[in-house]
Every structure is written in C-alpha cells, then in structure tokens.
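Worksheet for the structure shown next.
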Amino acid sequence: MGHKVHPTGIRLGIAKDWNSKWYAGKKEYAEYLAADLKVREMLRKKLAAAGISKILIERPAKTARVTVHTARPGVVIGKRGEDIEKLRKEISDVMGCPAHINVTEVRKPELDAQLVAESIAQQLERRIMFRRAMKRAVGNAMRLGALGIKVNVAGRLNGAEIARSEWYREGRVPLHTLRADVDYGFAEAHTTYGVIGIKTWIYKGEIFDFSQVGQEKQDDSPRSERGDRNDRADRPRGPRRDRGDRADRGADRGEARD
C-alpha cells in the first residue's frame, strides 16, 4: 500500500519555505521550539474565528517577530488595536523576549488549503452533507483560478457505523513534481458521531524562480534536425519523395490483369 508524503515537508528548501526562521545552539534549540509550539497553539485557540492560515515566527537579534496570515484581519486587530496589543504581551511572556506582531490578509481564502479544510470542518459540524461541502469547496477553488484540487474526508461519514474515507478531485494535483506549488491543509471536525479528518491539496501551478538556470538550459537545448512534423513541407524531398502524387502512381503499369 502506498502512503502519501507530506506535500510541504518534501518541498522544504525547494518550493516551500519554513514557518520558523531562527538559529540556536544546542541549549536554546529545545526552548525555542517549545515556545514556537506554545505560541502557535495559543494563537489558533484564541483566533479560531479569524481563519488563521499559517503563523510565521522569526527571532532577529533577541526579539521575536510573529506574522499571522488570516482571512479576517479585523478580528485579529480588534477595536483600535486593543486585541493585538494583548496578544503581543502574551506572546512576549511565552517567548521570553520582546515580540512584534504583523497581520497579513489572505486575499483569496478559497485558494488556501488550510482555510478550505477548516471551512469544510465547520460545515460538517453544522450537519451539512459532506459531499455537498466537498463539491462546493472544489467548485469555488477552480472558479478562482486553481489548476487542481483534491479533498479527502475520513471518519464516520453521515453517522455510519463503519468509518470510511471518500475523496473528490478536479483538475490535476501532481504530488511527485517538486517544483509544483501544492498547498496542503488539514482540519478536524468534531461531530456527535466522532472526529472526521479533512485533508485538502490545492495545485496552483509550477514555480521556476529557484531553478532559472536549469530552465534556460532546457529551452536552449538543441532540437532534433527533423524538427516538427508541421514545418516539413518546404524542405527538399529525398529520393523516396520524388515519385509524384499518389493519384498518378500506377498509371503507366498497363491494363489491369483479369
């Protein structure tokens, strides 16, 4: 049985970037990592209604910079910036250094895999049919420019006694192409029958910025001398092509035999 590797993990350093950027020694590494996990867990709980896509953490010069990508920046900032100031103080206490918070708006939440998965999870918790929620998410993503999307739900679907998984796909989702920009998201729907897991893959195209040299080599590579089949008409015919048209062939062979 084949298993699918995490689409983001396999592309780190190639087509995807890390969510945490900092350098630490052997002693500080575990502390920094634990602090990052606590900050992410705290923000996702407190900003559950804001639609958090991802949280980026950087540690430049004994400070911390947290960038929150959200579909609803107004919920994060609050009235006159009161909520974001409270968050900044709490993050500073957890990380043990002065922290700054940047809020980035997600322009098209229908093309963000994490937000799509969370949207489907919320619909399942409201007892909406899972097939309807899946097809609606797929249709919205393709309408806004996605080249492909795949949605997988697993668990006690519609309250069935036996858990199963169903998936729906439209377009193409190349998981083996490392330069493919494949966004991946996962969410859980807590229903009365149990937990339902939702996975989403969204293909947005290929990334060539990291391999411009290789791409130029491919474009400048010498082609075959034969060229394309459509541009051979103006070339001189060889010894096998000077036999005239097919209609004239066999005209001088004499009468047909009985």
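The values are calculated or read from the model by the stated rules, or taken from the named source; none is laboratory data. Keep in mind that what you see is a predicted model, and the values were worked out from it rather than measured. With ideal geometry, Cβ positions are generated from the backbone for all residues, glycine too; neighbour counts draw on all protein chains shown.
List of remarks:
- Scanning the stretch 78-133 for residues that are among the β-branched types (Val, Ile, Thr), touching a residue at least 40 places away in the same chain (Cβ under 8 Å) and farther than 24 Å from Lys38 by Cβ turns up Val116, Ile120.
- Checking each residue in the stretch 24-44 for being in contact with a helix residue (DSSP H, G or I) (Cβ under 9 Å, 6 or more places away or on another chain) and part of a loop (DSSP other than H, G, I, E, B) picks out only Ala24.
- Picking from residues in the stretch 130-175 that are outside any loop (DSSP other than H, G, I, E, B), among the aliphatic types (A, V, I, L, M) and closer than 16 Å to Gly205 by Cβ, the one that is farthest from the chain's Cα centre (by Cα) is Met142.
- For the stretch 1-19, the set of residues classified as surrounded by 12 or more Cβ atoms within 10 Å (Cβ to Cβ) and outside any loop (DSSP other than H, G, I, E, B) consists of Pro7, Thr8, Ile10, Leu12, Lys16, listed by residue number.
- Screening the stretch 70-109 for residues that are among the polar types (S, T, N, Q) and closer than 30 Å to Ile202 by Cα and picking the one that is farthest from the chain's Cα centre (by Cα) gives Asn102.
- When the stretch 134-164 is filtered for residues that are more than 18 Å from Ser119 (Cα to Cα) and surrounded by fewer than 15 Cβ atoms within 10 Å (Cβ to Cβ), the ones remaining, listed by number, are Gly145, Gly159, Ala160, Glu161, Ile162, Ala163, Arg164.
- Residue satisfying all of: in the stretch 45-64; among the aliphatic types (A, V, I, L, M) and touching a helix residue (DSSP H, G or I) at 6+ places or on another chain (Cβ under 7 Å); surrounded by the fewest Cβ atoms within 10 Å (Cβ to Cβ) among these: Ala49
- Qualifying residue in the stretch 188-196 (condition: of a type in the set (D, E, K, R) and modelled with pLDDT of 80 or more): yes
Results for (1) of a type in the set (S, T, N, Q); (2) surrounded by 17 or more Cβ atoms within 10 Å (Cβ to Cβ); (3) part of a helix (DSSP H, G or I), shown as yes or no for each residue.
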site: Glu110; (1), (2), (3): no, yes, yes
site: Gln123; (1), (2), (3): yes, yes, yes
site: Ile128; (1), (2), (3): no, no, no
site: Thr177; (1), (2), (3): yes, no, no
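- Here Thr104 fulfils each of the conditions (1) hydroxyl-bearing (Ser, Thr, Tyr); (2) touching a helix residue (DSSP H, G or I) at 6+ places or on another chain (Cβ under 7 Å); (3) not in a helix (DSSP H, G or I) apart from (2).
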